[in-house]
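All remarks here apply to the structure that follows.
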Amino acid sequence: MEKYYIAVISAAKGLGSARIRNLIKHFGTAQTVWTAEQGDIEQAGLPKDALKSFLEFRQRNPHAVEKLIAYCAEEKIKLCSIVDDDYPPILKEIKSPPAVFYYYGKLEPFADRIGMVGTRNNTEYGKKVAQEIASELAAAGLTIVSGAARGIDTFSHEGAMQYGRTVAVLGCGIAYAFANGNADFIRKIAENGVVMTDYKPSQKPSAETFPPRNRIIAGLSRGVIVVEAGHKSGALITCGYAGDYGRDVFAVPGRVDSPKSVGCHELIRDGVILIKSADDILEYYKMTPNKSLVENKRIAENLSGDIKIVGSRKNIDNEIAKLEGVEKKVFDAIPSGDFITIDEILMEVDEVSPSEIDLILTQLGLKNIIVEKDGEYTRG
């Protein structure tokens, strides 16, 4: 029960993990905090704004705990608080560990983890490097932590799932991600590890929700690897947290003229560890690679024959004819014979949000009616 009280208390504005911990220390339990008289809470030293916010939130939501328990049970969402035994110890070391987080999958609090982050608009080189490094590190026993975003995050998760576990830290609520994102992909990650977030289930993603998410990626990991990052990439925020927390930071070099590798090159210039392959990471941590597992699977895949069947022009035309609604508007915004970026598509189609565009583009790609190259799109 205690974790549910912590969860509802943390939903009040102005109550971060440090203040919640101080309140619990003062009152003994989160349940006592939730039911305490106003005068007693004032004596606990809570700032006026945070006190006002908490009291108003509690008054508006008198049955919040009961509702949360019922909701989590119905949706099969699990909850972990900082006072629970299965809370990852390494995450408690950071400056602002989440007081509580929601998750799907199986927590392994003592797992050996490494973060992998990078640009959303990757090149084929970045995709290949991310998948190969993640798969070989997972085969050697490391759990790959990333943010389940389009681009390098996705390819890091995919690589890890070939041979081991992966952890996805969301910049939104779990329920929102299932309803508006790639539900099959998120479910697959949960089957191979865990999907987690410290945001309430219905929380929408925004520019403000991702930097705090990045602190958890860094906090869960013994080190963070950057594969392709522009000059102002969000991946660099994760590296900043990693440095603050005393974690190792690694960067993969790219082409000197590639804008998508500028951030990596700046990190290397500033002294982070340059790596070229998973072997560099394993050697750094004195771990043994599992080459036989990786090689045997590759041989099996080659023997089975990985043949991609491309649709005929007639089938493609039929798929285009069946498009409707927002999906059709997105397709209409994509040119033939020229490439367009996601940002340009979003400017053309007002009805689509940044959180929805990835799923729509994935669906159009599966129908073979658009082609993606280096993070840009054209008609197939």
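The values are calculated or read from the model by the stated rules, or taken from the named source; none is laboratory data. Owing to the predicted nature of the structure, the values given are computational and were not obtained by experimental measurement. Here the Cβ is made from the backbone with ideal geometry for all residues, glycine too, and neighbour counts use every protein chain on show. Keep in mind that these areas ignore ligands, DNA and RNA; they rest on the heavy atoms of the full protein, side chains included. Shrake-Rupley method; radii C 1.70, N 1.55, O 1.52, S 1.80 Å.
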Condition first: among the hydroxyl-bearing types (Ser, Thr, Tyr) and open to solvent by less than 10 Å² (accessible area, probe 1.4 Å). Can you find one or more residues in region 169-182 that meet it?
no
Restricted to region 82-127 and to residues being in a helix (DSSP H, G or I) and of a type in the set (Lys, Arg), the residue surrounded by the most Cβ atoms within 10 Å (Cβ to Cβ) is LYS127
Here is a list: ALA138, ALA130. Which entry is closer than 19 Å to SER258 by Cβ, in a helix (DSSP H, G or I), open to solvent by less than 10 Å² (accessible area, probe 1.4 Å) and at pLDDT 95 or above?
ALA130
Of everything in region 270-281, what is over 25 Å from LEU91 (Cβ atoms) and not in a loop (DSSP other than H, G, I, E, B)? Give them in sequence order.
LEU274, ASP279, ASP280
Quick test for you: out of TYR71, TYR4, pick the one residue that is over 17 Å from ALA99 (Cα atoms), at pLDDT 90 or above and hydroxyl-bearing (Ser, Thr, Tyr).
TYR71
Identify all residues within region 143-174 that are in contact (Cβ under 8 Å) with a residue 60 or more places away in the chain and over 14 Å from the mean Cα position of the chain (by Cα); write none if there are none.
GLN162, TYR163
So, ALA160, is that one under 18 Å from ILE186 (Cα atoms), among the hydrophobic types (A, V, I, L, M, F, W, C) and assigned to a helix (DSSP H, G or I) or not?
yes
Between a first residue in region 51-65 that is among the β-branched types (Val, Ile, Thr) and a second residue that is open to solvent by 30 Å² or more (accessible area, probe 1.4 Å), which pairs have beta carbons less than 7 Å apart while being 6 or more apart in sequence or on different chains?
VAL65/TYR4
Filter region 38-68 down to the residues that are assigned to a loop (DSSP other than H, G, I, E, B), exposed (fewer than 15 other Cβ atoms within 10 Å of the Cβ) and at pLDDT below 90 and list them by number.
GLY45, PRO47
